[in-house]
Amino acid sequence: MKISPKFWLFFLISWSWVSCDNQENQTFLPDGPPRIEFPVDNPRVQEGGILKIEPLIYNDSPQSQYTWSEFGEVISNEKVLNNYAFEHAGNVQIVFEVNNGVGVAQDTLMVEVYSNDGGDREPEKYIHRIVSFDPAPGQFINQQNIGTLAGAQKLIGKKRGGLLSLGAFGGSITVEFEPAIPNEEGMDLVIYGNAFENSAEMGIVEVATSEEGPWYELAGSEYAKSTTIKNYEVTYYRPDSDMDDVRWTDNQGQEGVINHMGTYYPQNHYPDNQGDSFKVRGTRIASESYQENGSWKNPAPENGWGYADMTSINDGADNFDISWAVDENGNQVKLSEINFIRIYTAVLDNAGHLGEVSTEIAGIENLH
Ligand SMILES: [Ca+2]
Ligand SMILES: [Ca+2]
Ligand SMILES: [Ca+2]
């Protein structure tokens, strides 16, 4: 791997800075909770390649405890993530946590792991075509790899073709499968996301045999709950400037904002291709992110099933059975196969410094 001179310069500066800091703090607790900065915003590495990530930590102390995790699995407890191998192509979300004895800081880093392009495309098993990408506002929206139509195209023909963020409530992707996915006994398809423990960002899945519909929701564990709101509508409004929050109103008399995430994500969080305002509608599932010991948590519902970007096990794989399809009145619909899948973010929630809760999709697989 080639490391840029900028990185080494940063490394040397941060190393000497941290060395002094450690000496000063031998006998004192730090002044306040830690704060994390990564030297590179979006590092890239080839599939199977290794990467060293050295964060800059303010208020670090000799007693600090460090945790690095990928998809909720702890991969290191060192201060520096050293020579870690990235096995799967796609955008990998790494979470780094520091506890300095006074407080806890947590930050995420998106690592782009690019494919060797070794002919691993299996078009008949994976997404055949992107019909449309209609994101809602979010911190990744309008970012080339993760929040644009070009980013969506990378999911075609692959199990994990990258990572696509749908933005806040109602943001969606619609894809075609060719040949159709048959409805056989048991599970029929898998949607890969980037959920990890205490980070579920649930998306509702709809299916159809024709692009024009009718569309049927796959009714998951939350479908009949009293906290689930059917026919929920949100209108988003284009902000005055790129760095502003995005305002929303809903059809329940509520309003709020999708927070702009500042200099880490300096682009406008409102989708480029939308006018002054736009409306999304669907089913809203309850979500209440909360902060615990400095970490933001957004756990999946207990025994939850039937949503995209919810399960942290098996590489973030959520399984679906086409037999879960229901019509708009909640009646079960018998489908022998489907060609079209639409996924939309089904929650409207903010998780502090982690930003809006938004479904991510890495790929979809036909199990038959
Ligand atoms: Ca089935
Ligand atoms: Ca997200
Ligand atoms: Ca996610």
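Annotations
- Between the beta carbons of E337 and D242, assuming R0 = 30 Å, the FRET efficiency works out to 0.10 to the nearest 0.05.
- Approximating the spin labels as points 7 Å out from Cα along Cα→Cβ, the N251-to-N231 distance works out to 0.6 nm.
- Nearest 10 degrees, 0 to 90: helix 5-24 Cα axis against the chain principal axis: 60 degrees
- Estimated inter-spin distance, E288 and E37, nm [label 7 Å along Cα→Cβ]: 3.7 nm
- Cα-Cα over 25 Å, subset of K79/K297; K225/K334; K52/K158: K52/K158
- The gain in end-to-end length when the Q63 to Q274 segment is fully stretched comes to 71.0 nm, 0.36 nm per residue minus the alpha carbon separation.
- Only the Cβ atoms of Lys and Arg (+1) and of Asp and Glu (-1) were treated as charged; on that basis the dipole of the chain about its Cα centre amounts to roughly 520 debye.
- Point-to-point label distance, R129-N329, nm (Cα→Cβ direction, 7 Å offset): 3.3 nm
- Debye-sum result for the chain in log10 I(q)/I(0), which assumes one identical scatterer on each alpha carbon, at q = 0.08, 0.13, 0.14 Å⁻¹: -0.42, -1.05, -1.20
- Sorted by Cβ density within 10 Å, fewest first, the residues F38, F169, F140: F38, F140, F169
- Shape category assigned to the stretch 269-357 from the gyration tensor of Cα positions, a/c cut at 1.5: oblate
Every read-out reported here was derived from the displayed coordinates using simple, explicitly stated rules and does not represent laboratory data. Worth saying up front: this structure is predicted, and the values here are computed from it rather than measured. As a convention, Cβ positions derive from the backbone with ideal geometry for all residues, glycine included, and neighbour counts pool all protein chains shown.
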